[in-house]
Amino acid sequence: MNTSSAGPLAGRTALVTGGASGIGAAVVHALAAAGATVTVADLNGAAAESLAKEVGGRAWAVDLLDTAALEDLTLETDILVNNAGIQTVSPIEDFAPADFRRILTLMLEAPFLLIRAALPSMYAKEFGRIINISSVHGLRASPFKSAYVSAKHGLEGLSKVTALEGGPHGVTSNCVNPGYVRTPLVEAQIADQAKAHGIEESEVLEKVMLTEAAIKRLVEPAEVASLVAWLAADNAAMVTGASYTMDGGWSAK
C-alpha cells in the first residue's frame, strides 16, 4: 500500500506502461514508495489490477498495439514512463515483416501517441516528466535485433525532440538505458539467442549478453527503477534530453 504521503513524489500522478511485470513493476513500486499515485498500464489486466491494489494505485488494461484507440486519447498524468516492450531475435533475412512492424508500433509509435496525449495537461500545469525506458541498444547495435535496435534508436530521437519542445513548459524528457536486465523478457530470449549464435543456452549469458560489459552480471529491475524515481522528482528538473546508461560499462567501449 502507498503510505509515502510525504515522499518526494507526494501529490504526483504517474503512469507506467508494461507496468505489471519486470522493469515496469519495479518502477511502479519505486514511484509509489516515493508518494506518487501510480496507474499500472498493461495488456494483462488482471496482473495490472493486482499490482495496482498492492500499491494503492489504479489499473489500465490496454493493448498499445491498437494505436487507433490512442490517437484521440487524453492523459492527465504528471509522470509518464514508456516501458512496454517485446523482443524478436532473428537474422534480417529471416525477420518476419509483421514482427518488425509490431515491435516498432509498440516501442516507438505507442510512446509517441502517449506523449502526445499527455503533453497538453503537463503544459497546463507547467510540470511533466517523460521517462522512456530505452536500452543500451538505443546507443549500440547487436546482431539479430534489427527491429529492437531500430525502435530504441528511434525512441532516443523522440525523447530528445520531446525535451526540446517541453523545456519551456516545465516538462523534461529522458531515456534510461540499461543493459540486460533480469526480467522475463530477457530470460525468454535465451533460447533464441542460442539458436541465432549457434551456441548452447548455458553459454548465452557469458558469450552474448555480458560479453561487452565490465561488470559481469544482469541489471536488477530495482536498480533501473531507482533511476526512474530520481528522474521523476524535483531534483532532476535540469536533466532533460539525456540518456542515462546503466549497462555495466558496455557503452564505455
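Number of residues in segment 168-198 that are surrounded by 24 or more Cβ atoms within 10 Å (Cβ to Cβ) and at positive phi equals 0. Across segment 135-153, the number of residues qualifying as of a type outside the set (D, E, K, R), within 25 Å of Thr67 (Cα to Cα) and part of a helix (DSSP H, G or I) comes to 9. If you go through segment 199-226 and keep only what is surrounded by 20 or more Cβ atoms within 10 Å (Cβ to Cβ) and either under 28 Å from Gly167 (Cβ atoms) or touching a Cys at 6+ places or on another chain (Cβ under 6 Å) (or both), you end up with Val224, Ala225.
Does Thr74 satisfy the condition of being surrounded by fewer than 18 Cβ atoms within 10 Å (Cβ to Cβ) and closer than 28 Å to Gln189 by Cβ? Here the answer is no, as Thr74 does not meet what is asked. Within segment 82-106, the set of residues being buried (at least 16 other Cβ atoms within 10 Å of the Cβ), farther than 16 Å from Ala141 by Cα and among the small types (Gly, Ala, Ser) comprises Ala84, Gly85.
Return the residue satisfying two criteria in turn: it lies in segment 31-60 and is over 17 Å from the mean Cα position of the chain (by Cα) and assigned to a strand (DSSP E or B), and of such residues it is surrounded by the fewest Cβ atoms within 10 Å (Cβ to Cβ). Write out each step before concluding.
Residues of segment 31-60 that are over 17 Å from the mean Cα position of the chain (by Cα), as a first pass: 33-37, 45-47, 49-59.
Next, from what is left, pick out any that are assigned to a strand (DSSP E or B): 37, 58-59.
Working: Thr37: 20, Arg58: 16, Ala59: 22.
Checking each candidate, the answer is Arg58.
Counting just the residues of segment 119-134 that are more than 19 Å from the chain's Cα centre (by Cα) and assigned to a helix (DSSP H, G or I), which one comes out surrounded by the fewest Cβ atoms within 10 Å (Cβ to Cβ)? Before you say what the answer is, go through the steps one by one.
Step one: filter segment 119-134 for residues more than 19 Å from the chain's Cα centre (by Cα), giving 120-127.
Then keep just the ones that are assigned to a helix (DSSP H, G or I); that gives 120-125.
Working: Pro120: 13, Ser121: 16, Met122: 24, Tyr123: 16, Ala124: 11, Lys125: 13.
If we take residues in segment 119-134 being more than 19 Å from the chain's Cα centre (by Cα) and assigned to a helix (DSSP H, G or I), then Ala124 is surrounded by the fewest Cβ atoms within 10 Å (Cβ to Cβ).
What residue, among those in segment 1-30 that are of a type in the set (Ser, Thr, Tyr) and either in a strand (DSSP E or B) or at pLDDT below 95 (or both), is nearest to Phe127 (Cα to Cα)?
Residues of segment 1-30 of a type in the set (Ser, Thr, Tyr): 3-5, 13, 17, 21.
After this cut, where a residue has to be either in a strand (DSSP E or B) or at pLDDT below 95 (or both) as well, the list is 3-5, 13, 17.
Working: Thr3: 23, Ser4: 21, Ser5: 19, Thr13: 11, Thr17: 20 Å.
Ranking the qualifying residues of segment 1-30, first place goes to Thr13.
Within segment 61-86, count every residue that is assigned to a loop (DSSP other than H, G, I, E, B) and touching a residue at least 12 places away in the same chain (Cβ under 8 Å). Qualifying residue count for the region: 15.
The values are calculated or read from the model by the stated rules, or taken from the named source; none is laboratory data. Just so we're clear, the structure is a prediction, and the values are computed from it rather than from any experiment. Ideal geometry is used to build each Cβ from the backbone, glycine not excepted, and the neighbour counts take in all protein chains shown.
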